[in-house]
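Enquirer: Below you'll find the structure I mean.
The values are calculated or read from the model by the stated rules, or taken from the named source; none is laboratory data. Because the structure is a prediction, the values reported are computed rather than measured. Because the Cβ atoms are built from the backbone with ideal geometry, glycine has one as well, and the counts that use them run over all protein chains shown.
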Amino acid sequence: MTITATLIKELRERTGVGPLDCKKALEQHNGDIDAAARYLREKGLAKADKKASRVANEGVIQSYQHFNGRIAVLVEVNCETDFVAKTEQFQAFARDIALHIANMAPTCVTREEVPADLLERERSIQRERVLQEGKPENVVDKIVDGRMDKFFEEIVLMEQSFIKDDSKTIEDLRKETVAAIGENVVIRRFVRYELGETDEGSAEADE
């Protein structure tokens, strides 16, 4: 099949990958744009994992405020270079994260940041519920682990479903951004204010 410029352009717009890589992917998949897009995404995510250890000290502190002024967010999102920090794609990612935090109200960035006393209390609650349900003793811990995963999905930013596309988590979105911009990306910390709260929701990460 002939790989046309139009086909390459469409794949570029869908994936954000350069034209040469798009052309190669289309050639490998006989012009099947869906298969080529999946291939490029998987390849990009694999590269993203390799970049995870690279230092990211540049970036932006992004703000977001609901139109009614009742909720505001500040989030620090890091990348490796000042050049990438100024790109529209990186800036858009930071804006999306701030919007997500405002609406979904996570309490921390990663599950490692969840306070030990909160974890212990929640695990104890879930274990008691499982026992009250009459589940066999030999499967209690497995059931509790599964319910704790659900608990993390509710309060941990990286494990929440993205507000604009619930088919992916925030971690999935981060990896896609890494693959697209070619640099490590870290959501370092955030603070979320809601009018009338007695506690401020804040979180920090040492990724």
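Enquirer: Look through segment 13-41, keep the residues that are part of a helix (DSSP H, G or I) and within 22 Å of the chain's Cα centre (by Cα), and return whichever of them is nearest to Lys175 (Cα to Cα).
Expert: Arg41
Enquirer: Out of the residues in segment 61-84 that are within 18 Å of Glu176 (Cα to Cα) and in contact with a helix residue (DSSP H, G or I) (Cβ under 8 Å, 6 or more places away or on another chain), state the one that is surrounded by the fewest Cβ atoms within 10 Å (Cβ to Cβ).
Expert: Here the answer is Val84.
Enquirer: On to the next question. For segment 50-78, what are the residues that are hydrophobic (A, V, I, L, M, F, W, C), at pLDDT 95 or above and more than 14 Å from Glu194 (Cβ to Cβ)?
Expert: Selection gives Val60, Ile61, Val75, Val77.
Enquirer: What is the residue count in segment 60-93 for residues that are under 19 Å from Met158 (Cβ atoms) and under 16 Å from the mean Cα position of the chain (by Cα)?
Expert: Number satisfying all stated conditions: 9.
Enquirer: Restricting attention to segment 158-167, does a residue exist that is farther than 16 Å from Arg188 by Cβ, assigned by TED's automatic domain parsing to the domain that holds Arg70 and β-branched (Val, Ile, Thr)?
Expert: Yes, some residue in segment 158-167 is farther than 16 Å from Arg188 by Cβ, assigned by TED's automatic domain parsing to the domain that holds Arg70 and β-branched (Val, Ile, Thr).
Enquirer: Is it true that some residue in segment 131-149 is on the phi < 0 side of the Ramachandran plot, among the hydrophobic types (A, V, I, L, M, F, W, C) and at pLDDT 95 or above?
Expert: No, that holds for no residue.
Enquirer: Residues that are within 30 Å of Tyr39 (Cα to Cα) and either surrounded by 15 or more Cβ atoms within 10 Å (Cβ to Cβ) or modelled with pLDDT under 90 (or both): does segment 103-110 have at least one?
Expert: Yes, there is a match, as at least one residue in segment 103-110 is within 30 Å of Tyr39 (Cα to Cα) and either surrounded by 15 or more Cβ atoms within 10 Å (Cβ to Cβ) or modelled with pLDDT under 90 (or both).
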